[in-house]
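Chemist: This is the structure I want to talk about, given as structure tokens.
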Amino acid sequence: MSWLTWRVPFQRRLVSSDRSRFLLNSPFPEKMIRFILLQNRQGKTRLAKYYVPLEESEKHKVEYEVHRLVVNRDAKFTNFVEFRTHKVIYRRYAGLFFSVCVDITDNELAYLESIHLFVEILDHFFSNVCELDLVFNFHKVYLILDEFILAGELQETSKRAIIERMSELEKLE
Amino acid sequence: MNPFSSGTRLRDMIRAIRACKTAAEERAVVRKECADIRALINEDDPHDRHRNLAKLMFIHMLGYPTHFGQMECLKLIASPGFPEKRIGYLGLMLLLDERQEVLMLVTNSLKQDLNHSNQYVVGLALCALGNICSAEMARDLAPEVERLIQFRDPNIRKKAALCSTRIVRKVPDLAENFVNAAASLLKEKHHGVLITGVQLCYELCLINDEALEYFRKKCTEGVIKTLRDITNSAYQPEYDVAGITDPFLHIRLLRLLRVIGQGDADASDLMTDILAQVATKTESNKNAGNAVLYECVETIMAIEDTSSLRVLAINILGRFLSNRDNNIRYVALNMLMKAITFDDQAVQRHRVTVLECVKDPDASIRKRALELVTLLVNENNVTQLTKELIDYLEISDEDFKEDLSAKICFIVEKFSPEKLWYIDQMLKVLCEAGKFVKDDVWHALIVVISNASELHGYTVRALYRAVLTYSEQETLVRVAVWCIGEYGDLLVNNVGMIGSEDPITVTESDAVDVIEDAITRHNSDSTTKAMALVALLKLSSRFPSISERIKDIIVKQKGSLLLEMQQRAIEYNSIVDRHKNIRSSLVERMPVLDEATFNVRRAGSFPASASTVAKPSVSLPNGFEKPAVAPLLDLLDLDSDDILAAPSSSGADYLQDLLGVDLGSSSSQFGATQAPKAGTDLLLDILSIGTPSPAQNSISSIDLLSTADVNSNPSNALDTLSSPVPPHTATTASTGMFDLLDGLSPSPSKEATNGPAYPSIVAYESSSLKIEFTFSKPPGNPQTTNVQATFINLSPNTFTDFIFQAAVPKFLQLHLDPASSNTLPVSGNGAITQNLSVTNSQHGKKSLVMRMRIGYKLNGKDVLEEGQVSNFPCGL
């Protein structure tokens, strides 16, 4: 049975105090990336980028839950796990898990491909990337990501263009 | 001056943190760093600022609080140099989000940076805006962003385009401002700009119908041409992924075509060729190709009917489903669910494969496959599919059983061809996954059993057999216990054999063994034990020959740790012992449970997790879901008509249940009397348990009854109740009270309330608040009901800021008038009334149902209570 919204006399409206439900009832029905996580096998977050606002405590919960979900999956299994009302597309590279949370109906295969492209860019930029590069240069990883994805959408699909842009930016430092 | 290359402090800190061996060490290092940073912040030295912020970002990523650095971000953003700004914006995006007030302060800096002469600075500002802008910022800065879409540098154009998508998501009204700029981006050659432009157009189409119409008219052909160009383009190393030129752009274009084609036959027609080309020509041996195919199939299924294309799409999905790669199979299952709506037959062909997927080791695939199977079930294949699923239930993982059994129950309930089959399947599920089955499912099973009178014997014997093997499945035991209690005589006499059944020999003592086992087993929960106790009471009358043994089992429960069990044991013992003459009529078989009523209740109570902040126990009169003690009452069906003289006890709540709705309205009176003890005694007296009470006590009790009586309906059931024993005749308490009990022939009236056309109900009651509804119908409009709600404060304190809210399902319309007041004094000093009018568009078919939310302040603290009303009188 579907229920209509609460009726209130006069102009009074309910103010929802529960912000953590944002992820569940996102105001964006659009297909977009909700967050990107980069975690190692132990669950240490190496990069966390949220495109929807979440409370800090909720972010930690999300990171913990996503890690739990992906870390023990068999390599033969799908790269998709359902996470609350969304879906996490993840891919493992050595000891690092790249996870993207998207809408349940979105094109999983495409995100799998974008994760791979992102890793290729990192690999190229750090020439043979390893986890330590990402730890000590975390701010650069964020900058690369900002050139690759913006507002939860893909911004550039050319590896060369991003690497060139990064070297331009490096020169300004 | 680079914070990362020159000053090594950031690297040092990271090293120090990494060198920590324990979490405590790490905390200590971080604490020290944070203290240093705070001190530096207080010195306000701009020199170290960006290094400090970089450190803070790392600390933040480790999960420590860093809010004290927020103002530093703003200062860095306002500083002139690019490196400072860059760290400032990075910190802004990491440490803040759109909800923080601080963010408002940055709007001005953002505006300046968007107009900055250095295009890299403009890029930084656009990036920050696109990732965290709030609705207010979106409004303020939309003109700048719109202008930047035409900027000469492609890096700025693409950022501005995605920034615009965020802006129109936040403020859909702004959509029309961006339509022209977005359309111009579709002509771009630069892939980055093109892909963001397509994304912006897609977004605008979703948000604004005029924009959709515009793009449909002006851009359809252009988009098709772009798609054709990149599909046919020669090898481009920069964009090539596994032989496909820019699959990402493919996907965005296909998605845009989808919204354009949806609902427009002409546009759909135009794109047929290119879709067919993509569907047939795309290589499907790599993930990138499959991603494009997947998007293409989705577009084909969404646009207006082009049946030849759909055949193509279904074929692709069939290929996906047989792929060895799990990812591909997963998306196939997902897509087939959508395909079912237009080509059920084609999807049915894959049934066997889908069933195999239900058994996949990967939980993601299993879950999707199970969803799909549920959609595939129809009247024709239900028996076969159910058999397969139940067979699998036996061997599936424990953690999957819950989902699987829930779906099987859903299928069986929905498509069951006959009752025998339904009962058989449900028994199998209960045997395999009884501990996962939800309450409403086994309640429904009992209702069905109760209604299938010709199958009573068969069912009880089947349950008996099952429970011997699967005694660890809680819900199976409950159903078995209930059935043996009700139909125990059919069990031992092999009554009502049906063709396929093997006769079994069960002695009366065997049947009692099962119940005894259920009641003594240490891991049975209180509901099961309570049900077993009732079953024993019933069997004591059905099996007179072993009633002594039954009595012994009942007596043992006097020592139960559960108060409820203790009390019942005492009461039942007294019935077995002292009231042989009425026992058989007390424990008669339950009247057939009304399926229709149950379904309404179930539908109503299913989504309702009625909760109160004030106190967790909500007693919704007549609600199906009750605290653990309720099954006893429900099972004996005490709450309304039938037999009044059954044993019950304890507080006013049970009295209310016992005597039915009519007395409910008077329960507050009990709380208000000076001698509340008399209330309990009265109950004990009525129930003839315990020691005989002095006459005075009973007189006061009956007085009490009559005062309650005045306040409730004039023709209350209590009239009939008290009439055989007027107060002055109650001279000796014990006999008087037994007279009272005896006087209650099993026929007290239900139609006690014949006052208005519809009886009033207690819509909600908690420890602190009671809501009553009275109904009236405006003449000549049967669909509409006027409800007057009366709120009564049961707590000792006044409620302020009282507000009542209600929600109804779609078939109802609700209008709320203002309440008479927003301050609710203590009961007795007045009440709030509020008028509601409800229009039922399904009048006669569905009955009213409503959810309520009540908020108020009690001693300055906010209290929120929620509940659902599903006990509206029929016919409203």
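Throughout, read-outs are computed from the coordinates displayed, never taken from laboratory work. Bear in mind the structure is a predicted one, so any value in this text is a computation, not a measurement. Glycine also receives a Cβ, built like all others from the backbone with ideal geometry; neighbour counts cover every protein chain displayed.
Chemist: What does the C-alpha gyration tensor say about the overall shape of the range B:327-384? Classify as rounded when a/c is under 1.5, otherwise prolate if a/b is larger than b/c, or oblate.
Modeler: oblate
Chemist: Set the Förster radius R0 to 45 Å, insert the Cβ-Cβ distance between B:Ala16 and B:Phe82 as r into 1/(1 + (r/R0)^6), and round the FRET efficiency to 0.05.
Modeler: Numbers: r = 29 Å, r/R0 = 0.65.
The pair B:Ala16/B:Phe82 has a calculated efficiency of 0.95.
Chemist: Still on this structure, I have one more. Give me a single rounded figure for A:47-57: the average over its residues of other chain Cβ atoms within 10 Å of their Cβ. Let's see the in-between values first.
Modeler: Working: counts 1, 4, 3, 5, 6, 2, 7, 2, 2, 8, 1.
So the per-residue partner count for this stretch is 4.
Chemist: Follow-up. Can you work out ³J(HN,Hα) from phi for every residue in the range B:782-788, in order, using Karplus 6.51 cos²θ - 1.76 cosθ + 1.60 and θ = phi - 60°, giving whole Hz and x for Gly and Pro?
Modeler: So the Karplus estimates, Gly and Pro as x, are x, 6, 9, 10, 8, 10, 9 Hz.
Chemist: Can I ask one more? Based on the mean of other beta carbon atoms within 10 Å per residue, what is the order of B:436-446, B:122-132, B:317-327, most packed first?
Modeler: On the way: B:436-446: 20.4, B:122-132: 26.3, B:317-327: 17.5.
Going from most to least packed, we get B:122-132, B:436-446, B:317-327.
Chemist: Compute the Cα gyration tensor for the range B:212-368, then decide on rounded, prolate or oblate, letting a ≥ b ≥ c be the square roots of its eigenvalues: rounded whenever a/c is under 1.5, prolate when a/b is larger than b/c in the other cases, and oblate in all that remain.
Modeler: Judged from the Cα gyration tensor, the range B:212-368 comes out oblate (a/c at least 1.5, b/c at or above a/b).
Chemist: Shifting gears a bit: Based on the Cβ-Cβ distance from B:Ile546 to B:Asn380, what FRET efficiency comes out when R0 is 45 Å, to the nearest 0.05?
Modeler: Efficiency, rounded to the nearest 0.05: 0.40.
Chemist: Taking H placed 1.01 Å from N in the peptide plane, check which residues at least 5 places from B:Asn494 or on another chain put their amide H under 5 Å from its amide H.
Modeler: none
Chemist: For peptide A:135-142, what's the mean number of Cβ atoms from other chains within 10 Å of each residue's Cβ?
Modeler: Mean inter-chain Cβ contacts per residue within 10 Å come to 5.
Chemist: Shifting gears a bit: In terms of the Cα gyration tensor, with a ≥ b ≥ c the square roots of its eigenvalues, is the range B:439-552 rounded because a/c is under 1.5, prolate because a/b exceeds b/c, or oblate?
Modeler: oblate
Chemist: Here's a follow-up. Which FRET efficiency, nearest 0.05, do B:Glu221 and B:Ser308 yield, Cβ-Cβ r, R0 22 Å? Let's see the in-between values first.
Modeler: Values: r = 21 Å, r/R0 = 0.98.
In this case the efficiency is close to 0.55.
Chemist: If you don't mind, there's one more thing I want to ask. Give me the distance in nm between label points sitting 7 Å out from Cα along the Cα-to-Cβ direction at B:Lys556 and B:Cys874, one decimal.
Modeler: Here the answer is 4.3 nm between the modelled labels.
Chemist: Which entries of B:Lys551/B:Lys770; B:Lys407/B:Lys556; B:Lys158/B:Lys218 have Cα-Cα distances beyond 29 Å here?
Modeler: Long pairs (Cα-Cα over 29 Å): B:Lys551/B:Lys770; B:Lys407/B:Lys556.
Chemist: Within 10 Å of each residue's Cβ, count the other Cβ atoms and sort B:Ile582, B:Ile316 from fewest upward.
Modeler: Starting with the residue having the fewest Cβ neighbours, the order is B:Ile582, B:Ile316.
Chemist: Sticking with this one: Averaged over peptide B:158-166, how many Cβ atoms belonging to another chain are found within 10 Å of each residue's Cβ?
Modeler: 4
Chemist: Can you tell me the length gained on complete extension of the stretch B:Glu398 to B:Ala596, counting 0.36 nm per residue apart and subtracting the Cα distance?
Modeler: Computed gain between B:Glu398 and B:Ala596 is 67.9 nm.
Chemist: Another question, if that's okay. Compute the distribution of all C-alpha to C-alpha distances in the range B:793-844, in bins of 5 Å from 0, and list the percent of pairs in each, rounded to whole numbers.
Modeler: Cα pair-distance distribution for the range B:793-844, in percent: 5, 18, 22, 17, 13, 11, 9, 5, 1.
Chemist: Separate question: Exposure proxy check: B:Thr66, B:Thr220, B:Thr231 ranked by fewest other beta carbons within 10 Å?
Modeler: By the 10 Å Cβ count, ascending, the order reads B:Thr231, B:Thr220, B:Thr66.
Chemist: Can you put B:Lys159, B:Lys770 in order of Cβ neighbours within 10 angstrom, beginning with the fewest?
Modeler: With the sparsest Cβ surroundings first, the list reads B:Lys770, B:Lys159.
Chemist: At 7 Å along Cα-to-Cβ for each site, give me the label-to-label distance between B:Asp439 and B:Lys845 in nm.
Modeler: Roughly 3.0 nm, to one decimal.
Chemist: In straight Cα distance, which lysines are under 16 Å from B:Lys85, not counting same-chain residues fewer than 8 positions off?
Modeler: Correct list for B:Lys85: A:Lys140, A:Lys171, B:Lys55, B:Lys75, B:Lys111.
Chemist: Now a separate question. Tell me, how many Å apart are the Cα centres for the range A:47-123 and for the range B:548-588?
Modeler: 59 Å
Chemist: Let me ask another. Return a whole-number percent for the relative contact order of the range B:83-174, with Cα pairs under 8 Å and 6 or more residues apart as the contact set.
Modeler: Once divided by the residue count of the range B:83-174, the mean separation gives 28 percent.
Chemist: Give me the one-decimal nm value for the distance between modelled label points at B:Asn835 and B:Thr505, 7 Å along each residue's Cα-to-Cβ direction.
Modeler: The modelled label-to-label distance comes out at 7.5 nm.
Chemist: In the neighborhood of B:Leu312, defined by Cβ-to-Cβ distances under 15 Å, what is the net charge if each Lys or Arg adds +1 and each Asp or Glu adds -1? Numbers along the way, then the final one.
Modeler: Working: positive: B:Lys281, B:Arg310, B:Arg319; negative: B:Asp273, B:Glu295, B:Glu298, B:Asp305, B:Asp343.
Neighbour charge sum, excluding B:Leu312 itself: -2.
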